[in-house]
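As C-alpha cells, the structure follows; a few thoughts come after it.
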Amino acid sequence: MMAGTLVSTMINGDATEFVCQTGETLLEVLRNRLGLTGSKEGCGTGDCGACSVTLDGRLVCSCLVLGVEAQGREVGTVEGLADGDSLHPLQSNFIKHAALQCGICTPGFLIASKALLDRNSNPTDEEIRFALAGNLCRCTGYDKIVRAVRATATELRKK
Amino acid sequence: MLKVCLSGPLKSAADGAASVLISAATIRELLRELVKQYPQMQIQLDDGIAVSVNGDIFRDNWSQEIPEGAEVFLLPRIQGG
Amino acid sequence: MADDPKFKNRKFKAVGTRPPRPDGLDKVTGRAKYGADTFAPGQLVALVLRSPHAHAQIKRIDTSKAEKLKGVKAVITSKDLPDVTNGDRDLYDTLENCLARDRALYDGHAVAAVAAIDELTARKALKLIRVTYKVLPHVTDVDAAMKPGAPIVQPRVYTRGVSPKPKSPSNVAKVSEFGHGDVEAGFKAADVVVEKSYKTEQTHQGYIEPHACLASVGPDGHGELWVTTQGHFVYRNTCAALLGMDVAKLKVTASEIGGGFGGKTHVWMEPIALALSRKANRPVKLEMTRDEVFRSTGPTSSTSIDVKIGVKKNGTITAASAELRYQDGAFPGIWAMLGAMTAYACYDLKNVKTIGYDVLVNRPKVAAYRAPSAPMAAFAVESTINEVAAKIGMDPVDFRIKNAAKEGTKSSYGPTYGPIGIGPTLAAVKKHPHMRGKLGKNQGRGMACGFWFNFGGETCTDLNIGVDGTVTLTVGTVDVGGARASLSLIAAEELGIPYERVKCNIADTGSLGHNHMTDGSRGTFSSGMSTIFAARHAIEELCQRAANTWEIPVKDVVWHEGNAIAKGKKHKQLQPLSLGDLAAGSENTGGPIAGHSQIVADGAGVSFASHICDIEVDPETSATKVVRYTVIQDAGKAIHPDYVEGQFQGGAAQGIGWALNEEYIYGDDGRLQNPGFLDYRIPVCSDLPFIDTQILEIPNPNHPYGIRGVGETSIVPPLAAIGNALSDITGVRMTHVPMSPPRIRKAIKEKQA
Ligand code: FES
Ligand code: FES
C-alpha cells in the first residue's frame, strides 16, 4: 500500500489536516475525505468550472490541483461563503434573481463571481460574461446569472 | 360505430388502412375490439399507444368514454425530454 | 367535483408571483445533495470497462486476475446480469445497453465492471480484465446505414411499420408515415415548389452533473438506490425488472438532479451498480466521468431530411412533404417518428405527408433530448418555409401567419387542434420591438417557429396538514428546475394560505404511489393538477372538521381564502375557522387532516413558440455571434414566471449551441473523437446575449389553471431561426447543422464560385 502524505492547510478559515495520496486531486480530497461536497465534478478536466475554489484567493479548478498542493495555503469553497447565518450577497441574489435551475453549477459560479467582484467592484456586463466564461451552465442560458452578479455588484458598492 | 383513424406505424398493423370502423364506448373497449379484428395490433399496443378523442390526447386513461361521432385517432406513444 | 380538470377562469393570489424557491438556500450554500454527494458506511467504488470498438464480437472475458487483486470485492460481466426480461423487447434492449452480451455495439458500450475498496484499486482491476474481441464492420452515418450491404447493427431487428412483414433484418427499425390529403395533387396545383435536403449532427443534452448513484442490495433481496434521475419510480421498476427483484423491495431515492433534459429518463449504469452491490454484499458507488457520459449515455439523433413544399403565388401552401431519416444509435427508438409527427405541426395544411425512418447505427442508444426530434425537423421545414416565402416575394412572418394552424385545424400528425398558441406567438413577433430594431454591420435577422406536444401521465400526490397549520406537500415528480416553488404556490393558492406555509418534498419510491418521470414538460402540468386535487380533498376534509366543531351539517360550510365559513343567516354567530384553528383542533375532530390524489393527468395542451434572432458574421473568418435573441412562447399559465422564463432561456441557449457549435465527431474507426467539454463546446457565458422572453398565456382547457408544459418547446426554433438569420446576412442557405464557421465559409465560397 502506498503511504499517504499529511497535509496542513486552511479551509474556509479553519485549520485543517488531511492525509491523501499524491495523485489525488484537491477536489477529491474536499469531497471524499473532508465531506465538503459543495464543490462539484462536472468534467474532471478543467473545462466546466463546477469545482471552482480559491487557493490563496486565486480562482482555480480544484480538479486540476493536487491535494498535496494545498499544504500551507488557504482554500476557499462555497461552504465558506456565508458569514454565519447571513448569506453572502451573491448567494441571496442568486436566489432572488432565479439564477439557478438545477443548481449544480451554482457553487462554481458563486466562487468565480466572488473572485471577480473581489478584484473589480464595478464590472460591465461584458466583463462579467468573460469572467464567468470558464463556468458552464446548461440550464439558464446565463441570463439570470449575469443579472444576479450585476445586482450584487451594485449592492456591494452601496455598502 | 366509430371511425378510428390510424397513423404512423399503426397503419401497417391494419393492412395499411388509414381508418377502421369499430364499435366501442370507451378507450379500453376500442383497443380490445381493435386487437380482435387486427391481431398484429397487439405488438403496437405493447410498444405503446395514445388515443386522441376530439383532439385531447389520452395516454393512460383507458376508462375514458368516447362520445358517438367523436374524432378518434390512434397515435403511437411518444416520449419527451 | 374535486377532480374536475377543466379550466375555469379565476383571479389568482399566489400563482403568478415570484417568491424565492424552497431549495434555493441549500443550493447556494453547497448543502444540496446531488447524485455523487452521498456516502454509505463501507461503500465500495465501482468502475466500468467499456468497448474501444464501434462493433465487435466479444469472444471471451477473463476476469480471474482482476478478481484476485487485493481489495477487489466484485467483478461482473453480462453473466451476472442474466436475461430475465421474458420477451419484453424494450427491456432486453435496456439490459443489453447496460452491459454488452455477445457483441459490443458502439464505442463506449459497457462490457464489465468492478467494485473495489478504493478508486485506485478499481482502476488497477479494470486493467487486469482481458477481453478478446473480434472486430466487426461498423456504420455510424445514418444515410450509410440505410444503404444495401451496410453492416447490420442488430440482426434481431426487422423493419416495423411496413407490410408485408420483411423477411430479413434491416438497420431500418421502423417506418412511420403521417399526414392527410393528396400531396401529389397538391404539388401539381402549386405555382412554386421548393425541394431541399438537410443534415444535422448528433448532440448531447450536456447536463453538467454526470450520472451517479449509490446502490445497496443485500442477500435478502432488499435494496436501496440513491440516484440522479428524472424519474425514480420508473428507474425502480426498470431496475427491479432487470435484476429480478420485487418492486416493493427496491427503494429508490431521487437526489437533487444536476440537469437531465431527457438524458436522465433512461437507466444507463444503475443496474450495474446494483448487480455489483448484490455480488459484493456492500454498498457501491458508481459515478460516470464526462468521457463516459458522452460515449455511453443517450445523445439525440443525427439526421438527414428532405423537404418539399408547394405554394400558390398568393401564399397558400398547397402541399408539403418530408422524408426524415434519424439514427437511433444501436437500439430501436421512436425518434424519426417524432420528427415526422412534429415537422409540420405549426401549419394548417390540406395536403401533407411525412415519412420517418428510424435507423440503427453503431453509436450510443439515443435518448430524449428536450422536445426530442422536433428541432431537426423544424430546422429543415422552417428553413424551407423561408426559401418558399422568398420565392413568392412574401414576408416570411406574413407567410407563416397566413398558413398557421389554429383551433379546428387538422394537425399534420392527425388530431384536430383545440385552442392553440401559434397564431398569437406570430402576432407577437409582428409587434415585437426586436423586429424593428436596427441591425448593425455584418448582422442579419431571422425568425422561426416550433412545436412540441407535452404530456401528462401517472401522478400521485399527498398533502398533509401539520398541527400548526403548515402544509407538507409530497410529490413524486423530480424537481428539475424550480418545480417545488411552483407546486407550493399551487397548494397555497387552493388552500388560501401564504406560500411560506407550504413545504414541498419529493418522496422516495417507498412513500408514495407510482409517478411517471419528469419528462415531456409534464412536471408542473401533472403534479400541479394532482396538487390541486389533493388540496381540494383536504378542503373537503377541513370543511367536515369545521362542521364537526360547529355541530352543523357539512353542506352549510364553505371554504374561502383559508377559512371555513358557515353559510347562511342561521349560522351568523359562528366565527370563521382558519386552517390553523382546524389543524390545532384536529385531534378531537377526527385525527390528522390530509388530502390525496392519484390520477392519470391527461390532456396536456400542445405548445408553440416563435423565436427571433440577430446574428453577426465576421466577413473574414465566418465566426458568428448571436447579438440579440427573443423567445415568445405560450405557457398556458405561468405559475412562477421566473422559472418559466428560465426554461425559455435555457432551451434557447441549448438550441443556439446546437445550431452553431455542438456535434459528435466520429472517426473512420467508429470512435467518438470529442468526448469532453473542451472539444464538444457548449455555449459559455461570453458567447451569448441576454435572452429576452415574452410569455403568452392561452389557457389549456384541460387543466384547472390552464397550465401547459413549458420545458421543451424553446429548443425547437433556434436552429432554423439562426439558419434564417445567417441566410439574411450571407445570402446562402445553410443546410448542415452545426453551422460552424468552416461550413459557413464553404457555403459562401461555393455560392461565389
Ligand atoms: S470538474 Fe473541474 S473544471 Fe470541471
Ligand atoms: S443551473 Fe443547471 S447547470 Fe446551471
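Computed values, structure above
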quantity	calculated
Residue satisfying all of: in the range C:488-497; in contact (Cβ under 8 Å) with a residue 60 or more places away in the chain and more than 14 Å from chain A (Cβ to nearest Cβ); surrounded by the fewest Cβ atoms within 10 Å (Cβ to Cβ) among these	C:G496
Residue satisfying condition, being open to solvent by less than 50 Å² (accessible area, probe 1.4 Å) and within 14 Å of ligand 2 (Cβ to nearest atom), within set A:L100, A:L117, A:L27, A:L36	A:L100
Any hit, the range C:642-658, residues being part of a loop (DSSP other than H, G, I, E, B) and within 14 Å of another protein chain (Cβ to nearest Cβ)	no
Selection count where residues are buried (at least 18 other Cβ atoms within 10 Å of the Cβ), among the basic types (K, R) and under 22 Å from C:I615 (Cα atoms), scope the range C:385-441	1
Test: residue in the range C:198-213 that is open to solvent by 20 Å² or more (accessible area, probe 1.4 Å), modelled with pLDDT of 95 or more and closer than 24 Å to C:V475 by Cβ	no
Qualifying residue in the range C:620-632 (condition: surrounded by 19 or more Cβ atoms within 10 Å (Cβ to Cβ), aromatic (F, W, Y) and touching a Pro at 6+ places or on another chain (Cβ under 8 Å))	yes
Some residue of the range A:133-143 being in a helix (DSSP H, G or I) and either away from ligand 1 (no atom under 16 Å from the Cβ) or under 24 Å from C:F648 (Cα atoms) (or both)	yes
Number of the exception - C:L105 against (1) within 26 Å of the chain's Cα centre (by Cα); (2) open to solvent by 10 Å² or more (accessible area, probe 1.4 Å); (3) among the aliphatic types (A, V, I, L, M)	(2)
Whichever residue in the range C:541-575 is on the phi > 0 side of the Ramachandran plot and either assigned to a helix (DSSP H, G or I) or open to solvent by less than 70 Å² (accessible area, probe 1.4 Å) (or both) and, among such residues, is modelled with the highest pLDDT	C:G562
Within the range C:333-384, tally of residues that are facing chain B (nearest Cβ under 10 Å), within 24 Å of C:I317 (Cα to Cα) and either open to solvent by 10 Å² or more (accessible area, probe 1.4 Å) or not aliphatic (A, V, I, L, M) (or both)	5
Every pair of residues 6+ apart whose Cβ atoms lie under 9 Å, when the first sits in the range A:118-136 and is touching a residue at least 40 places away in the same chain (Cβ under 8 Å) while the second is within 13 Å of ligand 1 (Cβ to nearest atom) and of a type in the set (D, E, K, R)	A:G134/A:D47; A:L136/A:D47
Strands (runs of 3 or more DSSP E) within the range C:165-250 that include 3 or more residues more than 30 Å from C:Y357 (Cβ to Cβ), under 26 Å from the mean Cα position of the chain (by Cα) and away from every other protein chain (no Cβ under 14 Å)	C:223-227
Top-ranked residue of the range C:684-716 - restricted to ones that are open to solvent by less than 10 Å² (accessible area, probe 1.4 Å) and within 14 Å of chain A (Cβ to nearest Cβ), ranked as nearest to the chain's Cα centre (by Cα)	C:E712
A:L90 away from ligand 1 (no atom under 16 Å from the Cβ), crowded, with 20+ Cβ neighbours inside 10 Å and farther than 29 Å from C:E292 by Cα	yes
Checking C:P41 against (1) outside any strand (DSSP E or B); (2) open to solvent by less than 20 Å² (accessible area, probe 1.4 Å); (3) not polar (S, T, N, Q), the condition it does not meet	(2)
Any chance C:E662 is part of a helix (DSSP H, G or I), closer than 29 Å to C:V617 by Cα and within 14 Å of chain A (Cβ to nearest Cβ)	no
Some residue of the range C:63-74 being crowded, with 16+ Cβ neighbours inside 10 Å, touching a helix residue (DSSP H, G or I) at 6+ places or on another chain (Cβ under 6 Å) and among the β-branched types (V, I, T)	yes
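The values are calculated or read from the model by the stated rules, or taken from the named source; none is laboratory data. The structure displayed is predicted, hence computed values, not measured ones. All Cβ positions, glycine included, derive from the backbone under ideal geometry; neighbour counts span all protein chains shown. Just the protein is used for accessible areas: all its heavy atoms, side chains included, with ligands, DNA and RNA removed. Shrake-Rupley method; radii C 1.70, N 1.55, O 1.52, S 1.80 Å.
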